[in-house]
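None of the figures in this text is laboratory data; all of them are computed from the coordinates on show. Values in this document were obtained by computation on a predicted structure and should not be read as measured data. Note: ideal-geometry Cβ built from the backbone for every residue, glycine included; neighbour counts use all protein chains shown.
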Amino acid sequence: MNAIEACNLRKSFGPVAAVDDVSIAVKEGEIFGFLGQNGAGKTTAIRMMTGVLTPDTGSVRIGGIDLLQYPLEAKLKMGVIPENGTVYSDLTAEQNVLWTAKFYGMDKASRKRRCEEILTRLGLLHRRYDLVRFFSKGMRQRISIACAIVHSPPVLFLDEPTTGLDVYSRRLVLDTVRYMNREGSTVLITTHNIEEANELCSSISIIDKGKIIATGTPEKLKKQFDTTRFVEISFDQPVRSDLFEARGIPRAEPWGDKWRVYAENADHAVKQLVDMAEEDNLTILSIATSSPTLEQAFVQMTGGA
Ligand SMILES: Nc1ncnc2c1ncn2[C@@H]1O[C@H](COP(=O)(O)OP(=O)(O)O)[C@@H](O)[C@H]1O
Ligand SMILES: [Mg+2]
């Protein structure tokens with residue numbers, strides 16, 4: 001069964017189609033990434049999938065339950081970390097988590113046990129009696145996450161949970177997402193950080209101007225851009241660009257102290273370069289072929305703007 005299913009979601013704000021016919025299906029156990037630049041429509045999409053915003057059209061199912069028809073049942077299955085966390089500044093770290101656990105109907109003993117376990121995991125046990133008001137952004141975000149996962153939700157939504165965090169908080173947040181996934185939560189996370197998506201997600205949809213423009217594993221998305229393969233080479237002496245042309249190598253660009261040669265067939269390009277070096281008495285100092293990065297795929301798909 002799919003843990004999250006969104007069908008033909010649309011939402012416009014005046015003339016702006018913030019989400020324009022988005023459909024996704026996230027299998028149980030996946031960490032699914034919504035990757036897009038600022039204003040792509042990630043937050044609007046996640047808000048519709050978590051029942052904060054009513055779609056103009058379309059439907060959402062969480063663990064098979066229709067969110068519009070049975071909002072309470074569907075919401076009990078999810079933990080949500082919104083773009084701007086919703087922690088209570090006037091409560092302590094522990095009170096925030098315990099209060100949320102109570103809201104989800106957990107009994108007193110499990111509330112206490114789970115609260116301690118999560119605060120430990122998120123590196124905040126020693127601050128449990130302190131008011132959240134005095135916490136840094138990274139600490140607040142960790143409390144927001146503690147509240148969202150206290151009831152071990154089968155489905156976890158996180159909207160750019162690491163944006164603007166310090167390195168330590170970011171690491172704890174990502175480790176906690178992985179931990180929750182191992183414990184059985186299906187995760188949908190939005191990010192504009194390509195490396196984060198690459199490192200964390202089993203599957204990604206790239207969203208641009210309200211539309212999904214590509215879906216697949218990070219590796220599959222990279223492979224769609226095989227033509228951006230290149231060979232990086234350096235020689236023991238300066239080389240003019242017309243030397244490459246004379247040897248039938250059309251796309252060579254200077255790159256620092258090296259040259260980048262773009263080619264559809266890297267193997268062929270390497271052989272041409274070796275021949276060229278031999279015939280022109282050049283010594284090759286280094287040579288390496290490179291696959292496209294997810295970033296190159298992303299920039300190409302979204303036009304880089
Ligand atoms: N409440 C709103 N009112 C008007 N426009 C909005 C509102 N929320 C989002 N938008 C617009 O919808 C588009 C998508 O925004 P958003 O979903 O926040 O993107 P992202 O989270 O990917 O940065 C943007 O053009 C944004 O300005
Ligand atoms: Mg957003």
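Determine the distance separating the Cα centre of the range 271-292 from the Cα centre of the range 183-207; give it in Å without decimals. Their Cα centres are 38 Å away from one another.
Springs between Cα atoms under 10 Å define the GNM used for the chain, and in it the highest mean-square fluctuation of Ile284, Ile143, Ile194 occurs at Ile284. In this structure, the amide hydrogen of Ile4, modeled 1.01 Å from its nitrogen in the peptide plane, lies closer than 5 angstrom to those of Val26, Gly63, counting only residues at least 5 positions away or on a different chain. Label sites at Asp257 and Lys102, each approximated as a point 7 angstrom past Cα along Cα to Cβ, lie 6.6 nm apart.
The phi torsions of the range 201-206, fed into the Karplus equation with coefficients 6.51, -1.76 and 1.60 and a -60° offset, translate into couplings of 9, 7, 8, 9, 10, 8 Hz, rounded to whole numbers, with Gly and Pro shown as x.
Listed by chain and number, the aspartates and glutamates placed with their C-alpha closer than 15 angstrom to that of Lys223 are Glu264, Glu295; residues fewer than eight positions away on the same chain are left out.
Each residue of the range 143-156 is assigned a 3J(HN,Hα), and the resulting list reads 5, 4, 5, 4, 5, 6, 10, 4, 9, 6, x, x, 10, 10 Hz, derived from the Karplus form 6.51 cos²θ - 1.76 cosθ + 1.60 (θ = phi - 60°), x at Gly and Pro. For the range 61-75, 3J(HN,Hα) computed residue by residue from phi via the Karplus equation (6.51, -1.76, 1.60; θ = phi - 60°) reads 10, 10, x, x, 9, 6, 5, 6, 7, 10, x, 5, 4, 5, 5 Hz, glycine and proline entered as x. Could you work out how far the C-alpha centroid of the range 121-170 sits from that of the range 41-82, in angstrom? The range 121-170 and the range 41-82 have Cα centres spaced 22 Å from each other.
So which residue, out of Thr190, Thr162, Thr92, gets the largest mean-square fluctuation from a GNM of the chain using Cα contacts under 10 Å as springs? With Cα springs under 10 Å in the chain, the top fluctuation among Thr190, Thr162, Thr92 is at Thr92. Residues Val19, Val270, Val173, ranked from the fewest to the most other C-beta atoms within 10 Å, line up as Val270, Val173, Val19. Enter the angle in degrees (range 0 to 90, nearest 10) between the Cα long axis of helix 167-182 and the first principal axis of the Cα atoms of the chain, meaning the one along which they spread out most. With both axes taken from Cα atoms, the answer is about 70 degrees.
Select from Gly39, Gly63, Gly79 the residue whose mean-square fluctuation is largest in a Gaussian network model of the chain (Cα-Cα springs shorter than 10 Å). The residue with the greatest mean-square fluctuation here is Gly39.
Helical runs assigned H by DSSP (4 residues or longer) give the chain a calculated mean residue ellipticity at 222 nm of -10500 deg cm²/dmol, each run adding -39500 (n - 2.57) before division by the residue total. What longest region of the chain stays clear of GluC sites (Glu not before Pro) that DSSP places outside H, G, I, E and B and that have at most 11 other Cβ atoms within 10 Å? Within the chain, the longest run free of exposed GluC sites (Glu not before Pro) spans 1-182. Cross-linked pairs Lys77/Lys108; Lys42/Lys209; Lys75/Lys102; Lys27/Lys102; Lys11/Lys42; Lys11/Lys211: Cα-Cα separations exceed 18 Å for Lys77/Lys108; Lys27/Lys102.
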